[in-house]
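Peer 1: Let me give you the structure first, and then I'll get to my questions.
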Amino acid sequence: MSVTTLKSGSMLERVLVSGKFAVTSELGPPKSADVETIKEKAACLKGVCDAVNITDNQTAIVRMSSIAAGVLAMREGLEPVIQITCRDRNRLAIQADVLGAYALGIRNILCLSGDHQRFGNHPTSKNVFDMDSIQLVNVLKRMRDDKVFACGDEIRNSKKAPLVAPEIFIGAAANPFGDPFPFCVTRLGKKMRAGADFVQTQCIYDMDRFRRWMEMVRDRGLHEQIYILAGVTPLKSLRMAEHMRDNVAGLSVPDHLIERMKSAADPKEEGEKIAVEQMQELRDIPGVAGIHIMAIEAEKSVAGLAEKAGLLPRPIVD
Amino acid sequence: MIVAERKPFDEIFANAGKHHKVLLLGCGTCVTVCMAGGQKETGVLASQLRLASREKGVDLEVTEHTITRQCDAEFFDDTTSRLVEESDAVISMGCGVGVQFCSDRYPNKTVYPALNTEFFGATLEQGVWTERCAGCGQCIVDKFGGICPVARCSKSLLNGPCGGSADGRCEINPDVDCAWQKIYDHMETLGRVDELEEIQPLKDWSHNRDGGPRTVRKEDVRL
Amino acid sequence: MSEDPNIIAFCCHYCAFTAADLAGTMRQQYPVNVRIVRLPCTGRAEINMVLQAFVDGADGVLVAGCEPGSCHFIQGNLRAVKRVGQTKKLLIEAGIDPERVEMRHIAASQGPLFAQVSREFTEKIRQLNEEKRMAPTVAVAQGETT
Ligand code: SF4
């Protein structure tokens, strides 16, 4: 292990590099300055996953900054993966925030385009999109590896001062179900070449389509160059299943799952059962390096799921 | 062409009502084509203003006049200048450029906009116009099968699509085409999909309006 | 009974205008205050022609064209329907009752129908005038800023 030089030294990186099956989850910052909620959510996730995504104004609704919430989560013993979207900040603000986040101890950053602001609570705002997620990945990679900013300037205070660049484990999102389908794999390749170390996928319900995608990924050998964490979101109700199927772009929920949710006595339990089965299945797909459990506003359920799927205890890798 | 849309009547009427004699100045170029501020639309608005002022007991005299272009000094002829001078204020039916040009020309008159200027676009079918160009100052459409991601992708992604693209539609609205689906399809038709593997670098927005208001100088034709 | 309202009827040469003529020959009674403007087709009725009629003192405007499907110019009458709809919106903005403009379809042979429509429309406009006379007028404050 000691021979490999780590890029960031984060726990997530160490788990993945050591070849262990990784588990990440998600923590949505509060829609207020309330710290308690973060503590409560963090307590549920502690020891259950290797790192936790801290969302960045998710669905374009204003929440506590992901860096601030990430630092608070860190104090509670979690390792954060800070999400950064391209919607709200330009290249100056994002690079400044990356320096700040690193200085505060953050080691994982996930780059996203960001949901359009029209979905959120400030639909009349102006968006930025100075760059896209792939360009952002590349900016981070150059900051880390070449120790330069996007403009080419070196990351140092003055000519004589030492280079102090953020050493970040760089993530991105992948959508195995997006359109145009063949291009989904192309985009994964672009993210990898831009410098992403890992990707977390959109939540998976359609196992067949995901398997087909993974096949294409393996054909290109991408799974050997980037860690792929498969996304899982437990269904809570039939309504949620139908909503996911009908209203979430690029997400298909197969009929047999809808049927199971329909006939279940306790749909919530059934949803968790499905999620556990999926996680066990995903684990066996070659090239899948980990699971990303997104239990939307249900951080409490993650521990149980991970337990049942046999993902606990989490390894300690140094 | 520049595509515009008429402002709500109440907004125009409220401005007109601050004066007794207004000149409604139409424009014969882009806004005539997009049926927002040409001679016909000037006539319609003039009639509406006359009716409304009579109905509401407002003392308002409306004069109509349309010139070929409000963004070129040469079309502001003596007749136009006389009509402007005889009025208390001008309501321009030109795009935002026309309004300002007119305002510059007649510094002692308030010029009100009658239109909301929307975008640079094309006619899809009669009565429907759509945005095609964002005037970014550095055209790159050749790389994207002739489809501009800056103007037509809701997030201006140069390495799209985002995860929201579904069935050829953009995540923001099922009535909006996903520019990236179109780019992909067109590049496929051209047999150039592999070019989309290239990572597009950060865009230089300094040629865009972000670099400040822009001026074009063509030295060989300057006097 | 109040004064006769001023009505302008934009009539298509191929149908309503002929119907009006027929109404005369058939000695049908219809109000004399309905003044007919002959158009080659109601498709010629521009929005501003209607608005201008109001500006020049009309109390009501009738646009009378062929039955759907029998326009001499294929769909001039259908265009007129759309334009009358839009004219109503513009009238509302200007504070005028949209009921004061109406689109009707009257075939060349329907002399009696023309007379009836004219009578009904005149009556409707007469009532609107009456209501308006009774309603208190709202004065709009006018600033002097230039
Ligand atoms: S769905 Fe398509 S057009 Fe809409 S933001 Fe995403 S890539 Fe752009």
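The values are calculated or read from the model by the stated rules, or taken from the named source; none is laboratory data. Not measured: the values here are computed from a predicted model. Note that each Cβ is placed from the backbone with ideal geometry, even for glycine, and that neighbours are counted across all protein chains shown. These area figures cover heavy atoms from the full protein model, side chains too; ligands, DNA and RNA do not enter into them. Shrake-Rupley method; radii C 1.70, N 1.55, O 1.52, S 1.80 Å.
Peer 1: Considering the stretch A:221-239 alone, what residues qualify as being free of Cβ contacts under 8 Å to residues at least 24 places away in the same chain and either hydroxyl-bearing (Ser, Thr, Tyr) or open to solvent by less than 40 Å² (accessible area, probe 1.4 Å) (or both)?
Peer 2: Passing the criteria: only A:221.
Peer 1: Restricting to the stretch A:87-138, count the residues that are touching a strand residue (DSSP E or B) at 6+ places or on another chain (Cβ under 7 Å), within 16 Å of the ligand (Cβ to nearest atom) and not polar (S, T, N, Q).
Peer 2: Number satisfying all stated conditions: 4.
Peer 1: Additional query: So which residues in the stretch A:46-64 are of a type in the set (D, E, K, R) and surrounded by fewer than 22 Cβ atoms within 10 Å (Cβ to Cβ)? Spell out how you get there, then give the answer.
Peer 2: Step one: filter the stretch A:46-64 for residues of a type in the set (D, E, K, R), giving A:46, A:50, A:56, A:63.
Within the stretch A:46-64, A:46, A:63 meet the criteria.
Residue by residue, here is whether (1) over 19 Å from the mean Cα position of the chain (by Cα); (2) surrounded by fewer than 20 Cβ atoms within 10 Å (Cβ to Cβ); (3) part of a helix (DSSP H, G or I) holds:
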{"site": "B:5", "(1), (2), (3)": "no, yes, no"}
{"site": "B:12", "(1), (2), (3)": "no, no, yes"}
{"site": "B:15", "(1), (2), (3)": "yes, yes, yes"}
{"site": "B:23", "(1), (2), (3)": "yes, no, no"}
{"site": "B:35", "(1), (2), (3)": "no, yes, no"}
{"site": "B:40", "(1), (2), (3)": "no, yes, yes"}
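Peer 1: Still on this model: Looking at (1) without any contact (Cβ under 8 Å) to a residue 12 or more places away in the chain; (2) buried (at least 20 other Cβ atoms within 10 Å of the Cβ); (3) among the small types (Gly, Ala, Ser), can you tell me which one residue A:263 breaks?
Peer 2: Unmet condition: (2).
Peer 1: In the stretch B:193-216, what residues are within 18 Å of residue A:112 (Cα to Cα) and within 14 Å of the ligand (Cβ to nearest atom)? Lay out the reasoning, then the answer.
Peer 2: We begin by selecting, within the stretch B:193-216, every residue within 18 Å of residue A:112 (Cα to Cα); these are B:199-203.
B:200, the sole residue that qualifies.
Peer 1: On to the next question. Could you check the stretch B:153-192 and list, in sequence order, the residues that are part of a helix (DSSP H, G or I), surrounded by fewer than 24 Cβ atoms within 10 Å (Cβ to Cβ) and more than 7 Å from the ligand (Cβ to nearest atom)?
Peer 2: Step one: list which residues in the stretch B:153-192 are part of a helix (DSSP H, G or I), which gives B:179-189.
Filter once more, keeping what is surrounded by fewer than 24 Cβ atoms within 10 Å (Cβ to Cβ): B:181-182, B:185-189.
Residues satisfying the conditions are B:182, B:185, B:186, B:187, B:188, B:189.
Peer 1: Taking the stretch A:204-221 on its own, how many of its residues are basic (Lys, Arg) and touching a Gly at 6+ places or on another chain (Cβ under 8 Å)? Explain how you work it out, then say what you get.
Peer 2: Here is the first cut: in the stretch A:204-221, the residues basic (Lys, Arg) are A:209, A:211-212, A:218, A:220.
Now drop any that are not touching a Gly at 6+ places or on another chain (Cβ under 8 Å), which leaves A:218, A:220.
Number satisfying all stated conditions: 2.
Peer 1: If you take the residues of the stretch C:90-107 that are away from chain B (no Cβ under 14 Å) and crowded, with 19+ Cβ neighbours inside 10 Å, which of them is nearest to the chain's Cα centre (by Cα)?
Peer 2: The initial filter retains those residues of the stretch C:90-107 that are away from chain B (no Cβ under 14 Å), namely C:99, C:102-107.
If we keep only those that are crowded, with 19+ Cβ neighbours inside 10 Å too, we end up with C:102-106.
Details: C:102: 5, C:103: 7, C:104: 9, C:105: 12, C:106: 13 Å.
Ranking the candidates gives C:102 first.
Peer 1: Here are the criteria: (1) of a type outside the set (D, E, K, R); (2) in contact with a strand residue (DSSP E or B) (Cβ under 7 Å, 6 or more places away or on another chain); (3) within 14 Å of another protein chain (Cβ to nearest Cβ). Tell me which single one residue A:16 does not satisfy.
Peer 2: In the conditions (1) of a type outside the set (D, E, K, R); (2) in contact with a strand residue (DSSP E or B) (Cβ under 7 Å, 6 or more places away or on another chain); (3) within 14 Å of another protein chain (Cβ to nearest Cβ), residue A:16 misses (3) alone.
Results for (1) within 16 Å of the ligand (Cβ to nearest atom); (2) crowded, with 23+ Cβ neighbours inside 10 Å; (3) farther than 25 Å from residue B:20 by Cα, shown as yes or no for each residue.
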residue: B:95; (1), (2), (3): no, yes, no
residue: B:105; (1), (2), (3): no, no, no
residue: B:110; (1), (2), (3): no, no, no
residue: B:120; (1), (2), (3): no, no, yes
residue: B:132; (1), (2), (3): yes, no, yes
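Peer 1: What about residue A:67, is it within 15 Å of the chain's Cα centre (by Cα) and surrounded by 14 or more Cβ atoms within 10 Å (Cβ to Cβ)? Explain how you work it out, then say what you get.
Peer 2: Working: within 15 Å of the chain's Cα centre (by Cα): yes; surrounded by 14 or more Cβ atoms within 10 Å (Cβ to Cβ): yes.
Criteria met by residue A:67.
Peer 1: Out of the residues in the stretch B:156-210 that are of a type in the set (Val, Ile, Thr) and farther than 24 Å from residue A:85 by Cα, which is nearest to the other protein chains (Cβ to nearest Cβ)?
Peer 2: Applying the first criterion (of a type in the set (Val, Ile, Thr)) to the stretch B:156-210 yields B:172, B:176, B:183, B:189, B:193, B:199.
From what's left, farther than 24 Å from residue A:85 by Cα: B:189, B:193.
Details: B:189: 13, B:193: 8 Å.
Top of the filtered list is B:193.
Peer 1: Can I ask one more? Filter the stretch B:141-152 down to residues that are in contact (Cβ under 8 Å) with a residue 40 or more places away in the chain and more than 12 Å from the ligand (Cβ to nearest atom) and give me whichever is least open to solvent (accessible area, probe 1.4 Å).
Peer 2: Looking only at the stretch B:141-152, we keep the residues that are in contact (Cβ under 8 Å) with a residue 40 or more places away in the chain, and these are B:143-146, B:150.
Still in the list and also more than 12 Å from the ligand (Cβ to nearest atom): B:143, B:145-146.
Values: B:143: 81, B:145: 5, B:146: 53 Å².
Only one residue fits best here, namely B:145.
Peer 1: Okay, next question. Of the numbered conditions (1) open to solvent by less than 10 Å² (accessible area, probe 1.4 Å); (2) under 19 Å from residue B:117 (Cβ atoms), residue B:46 fails exactly one; give the number of that condition.
Peer 2: Failed condition: (2).
Peer 1: Further question on the same structure: Hey, could you check the stretch A:5-29 for residues that are surrounded by fewer than 15 Cβ atoms within 10 Å (Cβ to Cβ) and under 24 Å from residue A:103 (Cα atoms) and say which is farthest from the chain's Cα centre (by Cα)?
Peer 2: Filtering first and then ranking leaves A:5.
Peer 1: While we're looking at this one, here's another question. Tell me whether the stretch A:281-294 contains one or more residues that are open to solvent by 50 Å² or more (accessible area, probe 1.4 Å) and within 16 Å of the ligand (Cβ to nearest atom).
Peer 2: If we filter the stretch A:281-294 for residues that are open to solvent by 50 Å² or more (accessible area, probe 1.4 Å), which is where we start, we get A:281, A:283-284, A:286.
Filter once more, keeping what is within 16 Å of the ligand (Cβ to nearest atom): none.
No, the stretch A:281-294 has no match at all.
Peer 1: Here is a follow-up. Mind checking whether some residue in the stretch A:143-166 is under 30 Å from residue B:193 (Cα atoms), surrounded by fewer than 20 Cβ atoms within 10 Å (Cβ to Cβ) and among the basic types (Lys, Arg)?
Peer 2: No, the stretch A:143-166 contains no residue that is under 30 Å from residue B:193 (Cα atoms), surrounded by fewer than 20 Cβ atoms within 10 Å (Cβ to Cβ) and among the basic types (Lys, Arg).
Peer 1: Would you mind finding the one in C:80, C:64, C:115 that is open to solvent by less than 30 Å² (accessible area, probe 1.4 Å), modelled with pLDDT of 95 or more and over 23 Å from residue C:26 (Cβ atoms)? Outline the logic, then answer.
Peer 2: Numbers: C:64 fails: over 23 Å from residue C:26 (Cβ atoms); C:115 fails: over 23 Å from residue C:26 (Cβ atoms).
Matching residue, one of C:80, C:64, C:115: C:80.
Peer 1: Here is a follow-up. Regarding residue C:64, is this residue away from chain B (no Cβ under 14 Å), touching a Gly at 6+ places or on another chain (Cβ under 6 Å) and without any contact (Cβ under 8 Å) to a residue 60 or more places away in the chain?
Peer 2: On the way: away from chain B (no Cβ under 14 Å): yes; touching a Gly at 6+ places or on another chain (Cβ under 6 Å): no; without any contact (Cβ under 8 Å) to a residue 60 or more places away in the chain: yes.
Taking the combined requirement at face value, the residue does not satisfy it.
Peer 1: Separate question: With the condition kept exactly as written, say whether any residue in the stretch A:106-115 is charged (D, E, K, R) and crowded, with 24+ Cβ neighbours inside 10 Å.
Peer 2: Looking for residues that are charged (D, E, K, R) and crowded, with 24+ Cβ neighbours inside 10 Å, one finds at least one in the stretch A:106-115, hence yes.
Peer 1: Something else now. Every residue in the stretch C:1-13 that is open to solvent by less than 90 Å² (accessible area, probe 1.4 Å), assigned to a loop (DSSP other than H, G, I, E, B) and not acidic (Asp, Glu), please. Steps first, answer last, please.
Peer 2: Going through the stretch C:1-13, the residues open to solvent by less than 90 Å² (accessible area, probe 1.4 Å) turn out to be C:2, C:4-13.
Cutting the leftovers down to assigned to a loop (DSSP other than H, G, I, E, B) gives us C:2, C:4-6, C:13.
Those that are open to solvent by less than 90 Å² (accessible area, probe 1.4 Å), assigned to a loop (DSSP other than H, G, I, E, B) and not acidic (Asp, Glu): C:2, C:5, C:6, C:13.
Peer 1: Ok, one more. So which residues in the stretch A:108-137 are modelled with pLDDT of 95 or more and either of a type in the set (D, E, K, R) or part of a helix (DSSP H, G or I) (or both), if there are any at all?
Peer 2: A:117, A:126, A:130, A:132, A:133, A:134, A:135, A:136, A:137
Peer 1: Another one. Say whether the condition of being assigned to a loop (DSSP other than H, G, I, E, B) and modelled with pLDDT of 95 or more is met by at least one residue in the stretch B:80-92. Working first, answer last.
Peer 2: First, the residues of the stretch B:80-92 that are assigned to a loop (DSSP other than H, G, I, E, B): B:87-88.
With modelled with pLDDT of 95 or more added as a condition, the list becomes B:87-88.
Yes.
Peer 1: Mind checking whether some residue in the stretch A:191-207 is within 16 Å of the ligand (Cβ to nearest atom) and open to solvent by 10 Å² or more (accessible area, probe 1.4 Å)?
Peer 2: Taking the stretch A:191-207 first, the residues within 16 Å of the ligand (Cβ to nearest atom) are A:191, A:202.
Restricting the remaining residues to those that are open to solvent by 10 Å² or more (accessible area, probe 1.4 Å) gives A:191, A:202.
Yes, there is a match, as at least one residue in the stretch A:191-207 is within 16 Å of the ligand (Cβ to nearest atom) and open to solvent by 10 Å² or more (accessible area, probe 1.4 Å).
Peer 1: Okay, moving on. Do any residues in the stretch B:41-64 that are more than 9 Å from chain C (Cβ to nearest Cβ) have Cβ atoms under 6 Å from those of residues that are among the polar types (S, T, N, Q) and part of a helix (DSSP H, G or I), where the two are at least six apart or on different chains, and which pairs are they?
Peer 2: Listed by first residue and then by second, the contacts come to B:64/B:42.
Peer 1: Given the structure, is residue B:220 over 19 Å from the mean Cα position of the chain (by Cα), away from the ligand (no atom under 14 Å from the Cβ), within 12 Å of another protein chain (Cβ to nearest Cβ) and surrounded by fewer than 11 Cβ atoms within 10 Å (Cβ to Cβ)? First the steps, then the outcome.
Peer 2: Working: over 19 Å from the mean Cα position of the chain (by Cα): yes; away from the ligand (no atom under 14 Å from the Cβ): yes; within 12 Å of another protein chain (Cβ to nearest Cβ): no; surrounded by fewer than 11 Cβ atoms within 10 Å (Cβ to Cβ): yes.
So residue B:220 does not fit the description; no.
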